[in-house]
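Worksheet: one structure, shown below.
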Amino acid sequence: MNNTELESLIRTILTEQLTPSATDTPACTASSVALFDDVDSAICAAHAAFLRYQEAPLKTRSAIIAAIRAEIAPCLSELAERAAAETGMGNTADKILKNKAALENTPGIEDLKTTALTGDEGMVLFEYSPFGVVGAVAPSTNPTETIINNSISMLAAGNAIYFSPHPGAKNISLWLIQKMEEIAFKVCGIHNLIVTVKEPTFEATQQMMAHNKIALLAITGGPGIVNMGLKSGKKVIGAGAGNPPCLVDETAEIVKAAQDIVAGASFDYNLPCIAEKSVIAVDCIADQLIQQMREFGAMQITDPQQIAQLREVCIQKGAANKSLVGKSPATILAAAGIPCPAKEPRLIILEVPANDPFVVTEQLMPVLPIVRVDNFEQGLQLALKVEDGLHHTAMMHSQNVSRLNKAAHLMQTSIFVKNGPSYAGIGVGAEGFTTFTIATPTGEGTTSARTFGRLRRCVLTNGFSIR
Ligand code: NAD
């Protein structure tokens, strides 16, 4: 029997085990699948699906995840193209890489580590069990990546999922949710493990947060939506905004630092929440660093008038100008009335003072401010100020191990990348699994299946030890 036949046999067995009988079909009908007219019906259907999924063996979860990985893989280009076109943000090439990382590098059930204690009095097992229906909010900046990543993690942990996709990424999100629901159904015969509503609105998200069958909220987005979730009275895994600084000291390998910074800060036009949002460079290497960044495709703006023009269009009323978020360098230069070179730069860089709005605002644009500092200590203090206690991400380039350790320790960010581009922090070109939900205010950090599991204890008394 070859692999394909084996896989087909496993699916047949699983489907037979789980195909509903006439008596246990959930309330929702076959016509109500994945995409619903209203929030209540969607969540009730997901809850019915959860009750059946709870009875399925672990191998069913693994089979669903394997099928998602296999069947979404041929759609990566389409997903990326459609997400970039619909949101008007980011670029297809980088979005393909982001979706690929989410699909291939999000851990499955192997992440649910069991621990056991044994002794004269018996044994205790600690295991992760599902919460139920997770209400997951996805951002516009990584719409499909978050849906793929959250689905794999949450299904691995045994949950069903109601997604609140971003209205600005509605069409591609609904398409993906429906597709993944179908994949899960084909494997296990349970409909509605992944659901949403046909019209995802802010009101629908509010309704979802208040619904009594939502057991856990996982919110990936800006401070407004995360704070709204925190007020819901439910358990919340909140993945909020960041403003990642990148500190470069005089011991750094400058060429590599420049290359990593340009690569990270220009990735998907700086949309990832983890991307370098400012560079803090020790004065004695700052010129060399800037020169190298230019060699790697960055365009430096030095004219104070042009810097002012850029500031005026990029930041409005203390926040990023939404119409330029995730736009290309050429679009941003055009908006600021600055000529764009024939070869479009990968990134726009500019030197500014420490308190400049470019430094203290989360822009999500390929416009990277650089601040000079006298020394490492001053740089670290500024990095702490810029990160502003968001507990998100920071980068540092240095060959001084004690400085790296000091910065990593004091920054208290969920991700700290040493001598690499920001995306190394989510397992792209580096060790570690991928996540697009980095739980910052609530402290879970880089989320995976176990984050969406309830840690429980099961006790067997009277001795069960072979030591
Ligand atoms: P956003 O806050 O505008 O939207 C996030 C989601 O919340 C969307 O689905 C939106 O429809 C919904 N939403 C927003 N306001 C709402 C309201 N008042 N009521 C109901 N629903 C509401 O965020 P965005 O622009 O899509 O994403 C960018 C932000 O998300 C950035 O700040 C970025 O740093 C952050 N982010 C964080 C992570 C992380 O893992 N920590 C990952 C991606 C994005």
Pick from the range 114-132, criterion touching a residue at least 40 places away in the same chain (Cβ under 8 Å) and among the small types (G, A, S), ranking: nearest to the ligand (Cβ to nearest atom): G132
Residue, most open to solvent (accessible area, probe 1.4 Å), within the range 372-390, restricted to residues that are touching a strand residue (DSSP E or B) at 6+ places or on another chain (Cβ under 8 Å), over 16 Å from F358 (Cα atoms) and not β-branched (V, I, T): D374
Answer residue from the range 286-330, given it is in a helix (DSSP H, G or I) and among the small types (G, A, S) and is most open to solvent (accessible area, probe 1.4 Å) among those: S323
Tabulated pairs, the range 82-101, first touching a residue at least 24 places away in the same chain (Cβ under 8 Å), second open to solvent by 20 Å² or more (accessible area, probe 1.4 Å) and among the acidic types (D, E), C-beta under 9 angstrom, 6+ apart or interchain: K95/E81
Residue within the range 287-304 that is under 16 Å from N419 (Cβ atoms) and within 16 Å of the ligand (Cβ to nearest atom) present: no
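Look through the range 225-241, keep the residues that are among the small types (G, A, S) and closer than 15 Å to S448 by Cα, and return whichever of them is farthest from the ligand (Cβ to nearest atom).
Of everything passing the filter in the range 225-241, G238 is farthest from the ligand (Cβ to nearest atom).
I need the full set of residues from the range 204-219 which are open to solvent by 50 Å² or more (accessible area, probe 1.4 Å) and within 10 Å of S164 (Cα to Cα), in order please.
To start, the set of residues in the range 204-219 that are open to solvent by 50 Å² or more (accessible area, probe 1.4 Å) comprises 206-207, 210, 212-213.
Scanning the range 204-219 gives a single hit, Q206.
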Residue in the range 133-153 that is open to solvent by less than 10 Å² (accessible area, probe 1.4 Å), modelled with pLDDT of 95 or more, within 16 Å of the ligand (Cβ to nearest atom) and among the acidic types (D, E) present: yes
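Can you find, within the range 154-175, the residue that is farthest from D268 (Cα to Cα) among those that are outside any helix (DSSP H, G or I) and near the ligand (Cβ under 7 Å from one of its atoms)?
S164
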Any hit, the range 99-112, residues being at pLDDT 95 or above, within 20 Å of M180 (Cβ to Cβ), more than 16 Å from the ligand (Cβ to nearest atom) and assigned to a strand (DSSP E or B): no
Residues satisfying the stated conditions in the range 178-228, i.e. under 19 Å from the mean Cα position of the chain (by Cα) and assigned to a loop (DSSP other than H, G, I, E, B): G221, G222
Test: residue in the range 166-175 that is crowded, with 24+ Cβ neighbours inside 10 Å and within 25 Å of R450 (Cβ to Cβ): no
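For L368, indicate whether it is touching a residue at least 60 places away in the same chain (Cβ under 8 Å), open to solvent by 10 Å² or more (accessible area, probe 1.4 Å) and in contact with a Leu (Cβ under 9 Å, 6 or more places away or on another chain).
Spelling it out, it is not the case that L368 is touching a residue at least 60 places away in the same chain (Cβ under 8 Å), open to solvent by 10 Å² or more (accessible area, probe 1.4 Å) and in contact with a Leu (Cβ under 9 Å, 6 or more places away or on another chain).
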Within the range 253-269, considering residues that are open to solvent by 10 Å² or more (accessible area, probe 1.4 Å) and over 20 Å from K327 (Cβ atoms), the one nearest to the ligand (Cβ to nearest atom): D260
Residues of the range 403-448 satisfying the condition of being more than 16 Å from the ligand (Cβ to nearest atom) and crowded, with 23+ Cβ neighbours inside 10 Å: A407, P421
Members of the range 432-446 found to be assigned to a loop (DSSP other than H, G, I, E, B) and hydroxyl-bearing (S, T, Y), listed by number: T434, T435, T437, T440, T442
Among (1) small (G, A, S); (2) in contact (Cβ under 8 Å) with a residue 40 or more places away in the chain; (3) surrounded by 20 or more Cβ atoms within 10 Å (Cβ to Cβ); (4) within 13 Å of the ligand (Cβ to nearest atom) - the single one G222 does not satisfy: (3)
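The values are calculated or read from the model by the stated rules, or taken from the named source; none is laboratory data. What you see is a predicted model; the values in this text were computed from it and never measured. Using ideal geometry, Cβ is built from the backbone for each residue, glycine included, and neighbour counts are taken over all protein chains shown. In case anyone asks, the SASA skips ligands and DNA or RNA and just uses the protein heavy atoms, side chains included. Shrake-Rupley method; radii C 1.70, N 1.55, O 1.52, S 1.80 Å.
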